[in-house]
1. Against the definition (part of a helix (DSSP H, G or I) and touching a helix residue (DSSP H, G or I) at 6+ places or on another chain (Cβ under 8 Å)), how does C:Leu174 come out, yes or no?
2. Go through the range B:253-267 residue by residue and tally those that are touching a helix residue (DSSP H, G or I) at 6+ places or on another chain (Cβ under 8 Å) and open to solvent by 40 Å² or more (accessible area, probe 1.4 Å).
3. Could you check how many residues of the range C:190-216 are of a type in the set (Phe, Trp, Tyr) and under 24 Å from the mean Cα position of the chain (by Cα)?
4. Farther than 30 Å from B:Lys227 by Cα and assigned to a helix (DSSP H, G or I): does that describe B:Ala248?
5. Kindly indicate which of C:Ile345, C:Ile336 is surrounded by fewer than 24 Cβ atoms within 10 Å (Cβ to Cβ), facing another protein chain (nearest Cβ under 8 Å) and over 15 Å from C:Leu104 (Cβ atoms).
6. Given the conditions (1) more than 15 Å from B:Gly237 (Cα to Cα); (2) open to solvent by 10 Å² or more (accessible area, probe 1.4 Å); (3) assigned to a helix (DSSP H, G or I), which single one is not true for B:Ala22?
7. When the range C:321-338 is examined, which residues are found to be modelled with pLDDT of 95 or more and of a type in the set (Gly, Ala, Ser)?
8. Can you spot a residue in the range A:174-188 that is free of Cβ contacts under 8 Å to residues at least 60 places away in the same chain and either over 30 Å from A:Ser321 (Cα atoms) or open to solvent by less than 20 Å² (accessible area, probe 1.4 Å) (or both)?
Amino acid sequence: MKYLNLLLLLIPAVIVMEFTHANEAYIFAASLLSIVPLAAIIGKATEELSIHTGPRIGGLLNATLGNAAELIITIFALKAGLISIVKASIAGSILGNILLVLGLSAFIGGLKYERLQFNCYVSNLNTSLLLMIIISLSVPAIFSISGHIEPDRLQTLSLWTAVGLLLIYVASMLFSFKTHKHLFHVEHEGQNFEWGLKKSVTVLFFSVAAVVVMSEILVETIEPATKALGLSELFVGLILIPIVGNAAEHSAAIIMALKNKMNIALEIAVGSSVQIALFVAPVLVFLGYAFGHPMNLLFNPLEIACIILAIVVVNNIVRDSETDYLEGLILFVTYILISIGFFLI
Amino acid sequence: MKYLNLLLLLIPAVIVMEFTHANEAYIFAASLLSIVPLAAIIGKATEELSIHTGPRIGGLLNATLGNAAELIITIFALKAGLISIVKASIAGSILGNILLVLGLSAFIGGLKYERLQFNCYVSNLNTSLLLMIIISLSVPAIFSISGHIEPDRLQTLSLWTAVGLLLIYVASMLFSFKTHKHLFHVEHEGQNFEWGLKKSVTVLFFSVAAVVVMSEILVETIEPATKALGLSELFVGLILIPIVGNAAEHSAAIIMALKNKMNIALEIAVGSSVQIALFVAPVLVFLGYAFGHPMNLLFNPLEIACIILAIVVVNNIVRDSETDYLEGLILFVTYILISIGFFLI
Amino acid sequence: MKYLNLLLLLIPAVIVMEFTHANEAYIFAASLLSIVPLAAIIGKATEELSIHTGPRIGGLLNATLGNAAELIITIFALKAGLISIVKASIAGSILGNILLVLGLSAFIGGLKYERLQFNCYVSNLNTSLLLMIIISLSVPAIFSISGHIEPDRLQTLSLWTAVGLLLIYVASMLFSFKTHKHLFHVEHEGQNFEWGLKKSVTVLFFSVAAVVVMSEILVETIEPATKALGLSELFVGLILIPIVGNAAEHSAAIIMALKNKMNIALEIAVGSSVQIALFVAPVLVFLGYAFGHPMNLLFNPLEIACIILAIVVVNNIVRDSETDYLEGLILFVTYILISIGFFLI
């Protein structure tokens, strides 16, 4: 993790390149990589802060800041009107988290332990919330494709879908942090803080600020850079940005799996997907109005089909509250095949 | 429930309006509402009668008369050649029962009890029968859409599908009332009858007769009324008729959920859907020939997609033999989003 | 089983008819029927041989020779460039095994025993591998239909999908025969050999040789025979060939179900499907290059829809590690309806 922080040196480099109008492909790559350590630092600072605030507000903090980097990147993309990139990176985050992160965790953890077990309430809650993702993707698509709904009415349907998603998100927070919290004995790491309150807040502030600057530059260079690199926008949005944006989470989940703490790995992987779909996506729909770039929730059929396939596979695998290397490998292979598909189109 | 019977006053009103050729939108609304208490009375009379006849014939009576109102309405619609209304109200009954009735029951019951449990045999039987609904919807659709089957052959396929549905329905009755009945310890309400045999039969006879008259008038006014009210036929058939037609069942299921008798709530909600798909639908296919309006089982893609989505969600939620308010809310939100979709197209 | 061997007399008859240029419909029927006892003999010889070689190599032998007849038929069809017949018979084998064989086993076994139970690890492994079939069918179809992928890139995607399938196949063999083998206490029949090593090898050699000859003749006559009989190629490939080719397995699975040895019945039915999809299909993709008839893994939408429907139904039914006659009947009815559909198009 220490070496990761070397990537922070890219921040001044990006700024210099930006002012000297360097090659946009380099700026794109450098700003994307610089977000890797920043996301990790935001995660660490949030965790430290949450120890100071107590578990309830801490849970809330973790839940809302957990995908801060993605939220900020997508907000800038939305502001720039790059709606297909916004949707692709939402879709890609979901796919990456539930197939790649969970798959690698189960595969690597499963090579060490014969069976990896989940708390059945954790797996049950997560599979229910993944269902909500299928619902929110399907309803606009069903009415758009089979119902020939008009564009402005599709916008209305998307708005209501966003309200439904937020409602379920809030209810799920109440469920897991208040009414049913005793069911979720997630074994947490030692809760002694290393940083003081002031340091936590300061670090959080500056790292979020740095992500804001890097994201703005990243988004500006997406279009020219993808052209220069000969990649499709869909591949960049769906595969590249989410892998880099979630790198810190990926390693955290695998480390947890190696300690046979699969509940935490599941929380990181599936919890992240759920948060992006149930919190980030509706927030972006609302912000779309503010930015004058209204965004509906009609994803392209390719994204919808891949996400539904991924969720069906993950739900079948997670449901019995245990997993092993073979199931992990199935998830991982699914991710690789989907990535190859997006690379080839 | 007492106040509900005030709606019975609408019966003479409907007849007067019918003879005076009043505005069809009023006749439509009044006849629709008058069916609410009638359906409740048929339910009560069937229950009383079944105590007199013993559990086996009683189970059969409940199973066949449980959806008497819907059966009668759809028979009149079929006779009038309104095949798309027939299909829409079959589809709507399934959606309304498994999403709205079960969702509200689980949500409201779940606010009172931390966990609502099902008998695993009850949930297992019901999820298997819901699968049969997916099969019966999918097979004609798959061959029609991907196989370019000719219309008269689609009719043949629908006939065989109807035979298959009835066969599974009969087998499921044998399963739950005969060969495996000891597995289903559904805690029934006190089984002391309030009504004599004669009263039960008389009430049943007159309430069914009243539903017959009201349904005939309702069906006559559907087309002009939907036009006058500016609603799509699909919205009326899929959302409005099933909600009103099942109002009595809705309240019964919620009352059971509030007593933590989720097996009965599940029986009412899912059992109703199953009965409509596995008994009412094939009977209508056979009657279609008698009426000279042959009906196939090819539903429109919108209906198929919504029902498959609903069943996938319900099966995932019911399968683990317990539920809670969050899962109930997910079902309810799904219903609302689908209803908004049908309202907007 | 003794009487079955009478069908071996068809082998010389086929050869005589072939040389005398008899009616191709007769040759087709006779060669198809002659494969029934040959497949049974290969099965018996493989089993005997595997006792001599010990369980590990024996498992491998069973796994690779278990579908020898189908593998040989499809290789000849591929060599002849009949790619749609190859795909149809892969699809048909999967459907026949998981719906017809498993359905009849559960139905007939369920009439005798109230509940038929599976080892939960056996059912869990099999449902995971069935998911892999859905993935391998869906990924090429999703990118072909929604992504408008170019034909040569679809070939690349198919090749990678084939690699993924083989990888999971090898991993599943390691899983069930090595790393996790203690979980699978499949109660095997008495393991005393009846045949010596030499007899086993000799019988295996000659029965495989006979299948090779019969398959070559069968494939030659498919096209003229289907025309003469007025059947669609899809019906022959999907329904007729798999039923006949799997007849021996069908009876074996039902015999096991009648002894309440459902784990073996499940292994035969689902295990066979998995082997065809995860081993035979990718091998055919690789062989396609050698034969100069490159085969992709894009099945037709009808086949994909039917297989996904079948797997969803089977997974829901098998998942709870027990079954009964009603669930068996649902699988059987599904198979019959799909067969009627293919007959009617």
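The values are calculated or read from the model by the stated rules, or taken from the named source; none is laboratory data. These numbers were taken from a predicted model, which means no experiment stands behind them. Positions of Cβ are generated from backbone atoms using ideal geometry, with glycine treated the same way; all protein chains shown enter the neighbour counts. The accessibility values were calculated without ligands, DNA or RNA, using every heavy atom of the protein model including side chains. Shrake-Rupley method; radii C 1.70, N 1.55, O 1.52, S 1.80 Å.
1. Values: part of a helix (DSSP H, G or I): yes; touching a helix residue (DSSP H, G or I) at 6+ places or on another chain (Cβ under 8 Å): no.
In short, no.
2. Of all residues in the range B:253-267, those touching a helix residue (DSSP H, G or I) at 6+ places or on another chain (Cβ under 8 Å) come to B:253-254, B:256-258, B:260, B:262-267.
Among the residues that remain, those that are also open to solvent by 40 Å² or more (accessible area, probe 1.4 Å) are: B:258, B:260, B:267.
Of the residues in the range B:253-267, 3 are touching a helix residue (DSSP H, G or I) at 6+ places or on another chain (Cβ under 8 Å) and open to solvent by 40 Å² or more (accessible area, probe 1.4 Å).
3. Quick first cut of the range C:190-216, residues of a type in the set (Phe, Trp, Tyr) only: C:193, C:195, C:205-206.
So of that shortlist, the ones also under 24 Å from the mean Cα position of the chain (by Cα) come out as C:205-206.
Count: 2.
4. Working: farther than 30 Å from B:Lys227 by Cα: no; assigned to a helix (DSSP H, G or I): yes.
No, not satisfied.
5. Values: C:Ile336 fails: over 15 Å from C:Leu104 (Cβ atoms).
Going through C:Ile345, C:Ile336 in turn, just one is surrounded by fewer than 24 Cβ atoms within 10 Å (Cβ to Cβ), facing another protein chain (nearest Cβ under 8 Å) and over 15 Å from C:Leu104 (Cβ atoms): C:Ile345.
6. Condition (3) is where B:Ala22 drops out.
7. Hit for the range C:321-338 is C:Gly328, nothing else.
8. Looking through the range A:174-188, at least one residue is free of Cβ contacts under 8 Å to residues at least 60 places away in the same chain and either over 30 Å from A:Ser321 (Cα atoms) or open to solvent by less than 20 Å² (accessible area, probe 1.4 Å) (or both).
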